[in-house]
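Peer 1: Once you've had a glance at the structure underneath, I'll fire off some questions.
The values are calculated or read from the model by the stated rules, or taken from the named source; none is laboratory data. Keep in mind the model is a prediction, meaning the values are calculated, not measured. Cβ placement follows ideal geometry from the backbone for every residue including glycine, while neighbour counts extend to all protein chains displayed. When the accessible area is computed, the model is the full protein with side chains, heavy atoms only, and any ligands, DNA or RNA have been set aside. Shrake-Rupley method; radii C 1.70, N 1.55, O 1.52, S 1.80 Å.
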Amino acid sequence: GRRRDSAGLVRTLTGVLPVLYSFYRPDGALDLDANSRQIDYALACGANGITLLGLASEGELLTAEERLSAVRAAAIQVPRERNLLITLRSDDDVDSFARAVLDNRTSAAFICQVGADARSALEQCRALHQRYPAVICGLQLAPGLIEGSTVRANVLRETDIEISFLKA
């Protein structure tokens with residue numbers, strides 16, 4: 001996906017953007033120190049950025065505040081020239097997540113998860129596109145729904161949303 005950031009630079013999502021794990025302390029709380037070490041390791045190994053809260057991670061089990069804490073910490077830690085890609089759940093408040101990122105960096109990318117009904121993901125992308133020009137937005141198409149006529153029809157009908165990428 002390509003998008004001009006606030007400085008007019010074209011941002012492109014390229015290279016390896018690993019989906020990171022969520023680490024926990026023995027008391028069950030999110031371990032942001034361990035997450036920070038994982039980010040450092042991924043970047044030191046040549047990753048062009050990171051993906052947080054993806055479907056393969058434990059991000060689905062975190063509370064909204066835990067998810068925001070992980071996003072804020074990563075937005076501070078990941079260098080601005082590297083990509084930060086964040087998966088949103090359908091119940092996430094896009095403004096809270098966008099602010100958590102854009103308070104600390106000039107751009108980011110969000111993946112909105114498409115379920116059987118694509119409307120909530122499309123609304124999230126619409127809100128991000130309209131309110132935050134420095135944000136790249138894409139859709140996560142769940143296996144089995146990629147060829148689904150409902151998803152295809154909903155996505156193709158929406159002409160006022162800038163979808164920069166599709167992730168399957």
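Peer 1: Can you spot a residue in the range 97-118 that is under 12 Å from residue 68 (Cα atoms) and among the small types (Gly, Ala, Ser)?
Peer 2: Scanning the range 97-118, I find at least one residue that is under 12 Å from residue 68 (Cα atoms) and among the small types (Gly, Ala, Ser), so the answer is yes.
Peer 1: Could you tell me which numbered condition residue 31 fails, if it satisfies all but one of (1) modelled with pLDDT of 85 or more; (2) open to solvent by 10 Å² or more (accessible area, probe 1.4 Å); (3) under 18 Å from residue 14 (Cα atoms)?
Peer 2: If we test residue 31 against (1) modelled with pLDDT of 85 or more; (2) open to solvent by 10 Å² or more (accessible area, probe 1.4 Å); (3) under 18 Å from residue 14 (Cα atoms), just (3) comes out false.
Peer 1: A further question on this structure: Mind checking which strands (runs of 3 or more DSSP E) fall wholly inside the range 10-126 and carry at least 1 residues that are touching a residue at least 12 places away in the same chain (Cβ under 8 Å) and not charged (D, E, K, R)?
Peer 2: The strands (runs of 3 or more DSSP E) meeting that bar are 49-52, 83-88, 108-114.
Peer 1: Oh, and also: Does residue 83 fit the bill of being surrounded by 17 or more Cβ atoms within 10 Å (Cβ to Cβ) and closer than 18 Å to residue 112 by Cα?
Peer 2: Answer is yes for this residue.
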